[in-house]
Every structure is written in C-alpha cells, then in structure tokens.
1. I need a count of the residues in the stretch 170-180 that are farther than 15 Å from Ser32 by Cα and of a type outside the set (D, E, K, R).
2. Which of the residues that make up the stretch 37-78 are within 24 Å of the chain's Cα centre (by Cα), over 18 Å from Glu97 (Cα atoms) and either exposed (fewer than 12 other Cβ atoms within 10 Å of the Cβ) or basic (Lys, Arg) (or both)?
3. Picking from Gly146, Gly125, which residue would you name as being at pLDDT below 80 and more than 30 Å from Leu43 (Cβ to Cβ)?
4. Going by the structure shown, is Ser76 polar (S, T, N, Q) and in contact (Cβ under 8 Å) with a residue 24 or more places away in the chain?
5. Does Val23 satisfy the criteria of being of a type in the set (Val, Ile, Thr) and free of Cβ contacts under 8 Å to residues at least 40 places away in the same chain?
6. Return yes or no: is Ile38 farther than 24 Å from Glu191 by Cβ and of a type in the set (Val, Ile, Thr)?
7. Which helices (runs of 4 or more DSSP H) sit wholly inside the stretch 63-144 and have at least 2 residues that are among the basic types (Lys, Arg)?
8. Kindly indicate whether any position in the stretch 51-74 is in contact with a Gly (Cβ under 9 Å, 6 or more places away or on another chain), modelled with pLDDT of 90 or more and farther than 28 Å from Ala181 by Cα.
Amino acid sequence: MFSIIQAAGWPIWPLITCSLLAVAIVIERLLSLKANRIAPPKLLDEAMKVSRTALPAREVVEQLAHNSALGEVLASGLRALHQNPRCSEEDLRATMEGSGREVAHRMERYLSALATIASAAPLLGLLGTVIGMIEIFGSQTPTGGGNPAQLAHGISVALYNTAFGLMVAIPSLIFWRYFRAMVDAYLLALELAADRFARHLKALRVNA
C-alpha cells in the first residue's frame, strides 16, 4: 500500500484525507440514524397512552424528550401545554414544528460534507492526472529522448490518482444518497407523528 502511495505522488494525500473523512462521516451517520434513536415504532402510541386523560408529569415529559428525536418533538408539545394549558392549536403546532426543524438539522449534519467529498474527489483525482501528465511531458527532451524513470513516475501519478479519486467519490455518493433518502423518510414519519399527536393534544387543551 505504501508503495502505491509513493508511486501516486503527493497529489494522493488530499484524496487520502477525503477518504478518511468520508469513512468517519459514514460511521457516525450509521450510528446516529438508527431507528431507535430517531423514531422508535411504538413511542407515539405510548406517548398518547400516558397522556390520554391528563398531562403527564414534567419528569415523564423530560424522559420522553431524551428518548429519541421523535420523543423530543412530542415532548415539545407537552411542554407547551404545561406552560400554557389553553394555548391555541396554532401555537402548539408551531412549537412542535420548531422542535422538528431542530431535529431535522441534526439528522442532516455532515451530509453536505459527504456530498462535497463525493464532488471534490474526482476533481482531486483529475488534478493528480494533470500533474502526472506534466511530469510525462517534462520527461521528454528536445532531441526526442527522455528520462524513463520520470516518465514511469508521471504515468503512475496520473493513473493512481484518477483511480483513487473515483474510489473515494463513488462510495461517498452512494452513502450520501442513502442517508439523504433515510433522512427524508424519517422527516416524513416525524411530520405524520407530530400531526397525529397534535390532534391528540387538542382534546387535552380543550379539557384543561
């Protein structure tokens, strides 16, 4: 592996940095976007059950908020009713939507960086290719001869950087699209759950 890095020359180092960043982002997002950390399947039903007849205690609301991203959105609605039992339905929904935007921002964290790596890696590979071509032309002499070692090194720089740029860009693009689709699905699930919970809390607001 080290011999390949030597043959590819210094242009390979930005690509290696990009590859390490991409791997770190992918691992972090895989751990952060697990279903039980975003939208546990039974959490909405449990939240509606404990608030069927009255507002749950503040301690229960805080436990719900720390349960998951969905729990944070649902807890924001319960907090709004704790602060003002007769708050309007519009204010209640606005509070939950604000919490949902914060959750969405956290779910989308680092995705733009991953997309940037997917876009920049082929360009960095192209830069290495151009540098390799410059070395190839620089190895030629006016008399038609050339330095075989410099010529071979230029070819190595061009080919290795092109290949490595694609090797970094393709998985990064695949994972970016995968995470993007996952986040969109989660956001839809959170939106539907929040709407259902808001209609559930409407009865508590009226009876308060």
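The values are calculated or read from the model by the stated rules, or taken from the named source; none is laboratory data. Just so you know, these numbers come straight off a predicted model, no measurement behind them. Cβ placement follows ideal geometry from the backbone for every residue including glycine, while neighbour counts extend to all protein chains displayed.
1. Here the count works out to 5.
2. Result: Arg37, Pro41.
3. Checking each option against the conditions leaves just Gly146.
4. Judged against the criteria, Ser76 is not a match.
5. Criteria met by Val23.
6. no
7. Answer list for the stretch 63-144: 89-107.
8. Yes, because at least one residue in the stretch 51-74 is in contact with a Gly (Cβ under 9 Å, 6 or more places away or on another chain), modelled with pLDDT of 90 or more and farther than 28 Å from Ala181 by Cα.
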